[in-house]
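Note sheet for the following structure.
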Amino acid sequence: MTDSPPDSRSPNPVDLHVGGRVRTRRRLLGVSQEQLAAGLKLTFQQVQKYERGANRISASKLYETAGVLQVPVSYFFEGLADPADGAPDPAGEAASRTMDAFLSTPEGLELAEKFAKIGRGRVRRQILELVRAMSEEDSPLMG
């Protein structure tokens, strides 16, 4: 089985996914890259490279990262298709990328935290309708 990407300079999709999950979890915990780096005995630049998928995270470093970020190692692979199944899960991968992109922004992270605190379902649905309307209005297809 060959695993050579068309452009060897492009990060591997799995490395991008794992790095994105590291970034998402770190931000959810309110941990800076410097703090994570200190916990892993790395430079913050190395953490940046991991999060961008530019550098692969070794198994031992991923295990340490899981400990520092208080998640099981499997957390970093959630949303990826199981290679044993042999079939990709494009819907799951797309949803995971969307969630990671959303939570990687300060606004997305705060919105997710605040939204989860809204106890009334009716209010949450109204907010969702507002966001849908606003995103459709900004869509190039709608305008």
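The values are calculated or read from the model by the stated rules, or taken from the named source; none is laboratory data. Predicted model, so just to flag it, every value in this text is computed and none were measured. Cβ atoms come from the backbone with ideal geometry, glycine included; neighbour counts cover every protein chain shown.
Contact annotation: residue pairs with Cβ atoms under 9 Å, 6 or more positions apart or on different chains, pairing a residue in the stretch 52-79 that is farther than 15 Å from T24 by Cβ with a partner that is of a type in the set (D, E, K, R), are A54/D15; N55/D15; N55/K49; R56/D15; E64/K41.
Hey, among R52, R120, which residue is modelled with pLDDT of 80 or more, in the same structural domain as S10 (by TED's automatic domain parsing) and either in contact with a Lys or Arg (Cβ under 9 Å, 6 or more places away or on another chain) or charged (D, E, K, R) (or both)? Unique residue meeting the criteria: R52.
Is it fair to say R97 is assigned by TED's automatic domain parsing to the domain that holds S10, at pLDDT below 95 and touching a helix residue (DSSP H, G or I) at 6+ places or on another chain (Cβ under 7 Å)?
no
Just to check your reading of the model, which residue among V47, V123 is part of a helix (DSSP H, G or I) and in contact with a Leu (Cβ under 6 Å, 6 or more places away or on another chain)? Write out each step before concluding.
Numbers: V123 fails: in contact with a Leu (Cβ under 6 Å, 6 or more places away or on another chain).
Answer to the selection: V47.
Just to be sure I understand the filter: pairs with C-beta atoms under 6 Å, separated by 6 or more residues or on different chains, first member in the stretch 31-43 and surrounded by 15 or more Cβ atoms within 10 Å (Cβ to Cβ), second member of a type in the set (D, E) and assigned to a loop (DSSP other than H, G, I, E, B). Which pairs pass? Listed pairs, sorted by first residue: none to list.
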